[in-house]
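Reading through the structure tokens given below for one structure.
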Amino acid sequence: MVFTAVGPTVKPITCSGCILNDPALSPDVLIAPFGTGSNGVQLVGMAPAKNEIERGEPFVGRAGAVLGKVLRKIGYKNEFDIRNVLQCRPPSDQWTGKEEWAVPAIAHCKVHRESGVRPKVRVALGEIAFRTLTGLIVPISKARGYRFEGEDGVPIIPTYHPSFLGRGKMELIPVMIWDFKRALEERDQPPPE
């Protein structure tokens with residue numbers, strides 16, 4: 001099966017050989033990376049939900065509203081490169097990354113997730129993105145506030161997923177803003193010699 005990528009910054013994506021190529025598990029639409037990436041920061045989320053598949057871009061709906069609020073508070077809009085661990089919709093919106101299909105699907109999507117741009121820093125939005133980028137199994141509430149390094153040497157700053165804040169945890173917006181400011185500080189560090 002060949003998926004069709006949709007979104008404002010669409011580049012053709014052929015996705016075959018993945019466990020989610022089964023139409024019974026996932027629709028045949030991929031959400032392409034979004035945003036310009038001009039500020040050197042890449043945001044990595046989980047996977048597109050139903051409303052994101054319908055609109056053709058990541059982080060719309062309640063999670064997108066929270067993310068937009070955080071980005072506006074730090075003075076940005078679409079200067080980030082926004083990607084997901086999975087580019088297609090998983091069989092369930094309530095997934096943990098431990099399902100039988102999750103590990104091979106996430107590994108398969110790595111080539112699309114890492115293509116195109118090498119950011120100066122990545123922000124892992126939520127525990128699944130953090131685990132995927134670092135290989136560490138740590139609750140996001142314990143990981144956030146620290147700096148980690150990906151296998152490609154790019155620093156990773158973990159924070160809460162915007163959908164978590166949108167489910168009655170809006171008091172954590174200042175924490176998420178702090179994490180984003182930390183990512184911007186990390187971006188501005190001179191490269192190691």
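FYI, it's all coordinate maths here, none of it is from the lab. Bear in mind that the values here come from a model prediction, so they are computed numbers and not experimental data. Quick reminder, even Gly has a Cβ in these numbers, built from the backbone with ideal geometry, and neighbours come from all protein chains shown.
Between amide H atoms placed 1.01 Å from N, distances below 5 Å from C88 occur with I31, all of them 5 or more places distant or on a separate chain.
For V138 and R118, a Förster radius of 25 Å and the Cβ-Cβ distance give a FRET efficiency of 0.50, rounded to the nearest 0.05. Amide H to amide H distances under 5 Å link M46 with V85, where only residues 5 or more positions off or on other chains count and H is placed in the peptide plane. Taking amide H as placed 1.01 Å from N in the peptide plane, H161 has its amide H under 5 Å from the amide H of G126, E127, each at least 5 places away in sequence or on another chain. One chain, two ends: R55 and W178. Fully extended at 0.36 nm per residue, the span grows by 41.3 nm beyond their Cα-Cα distance.
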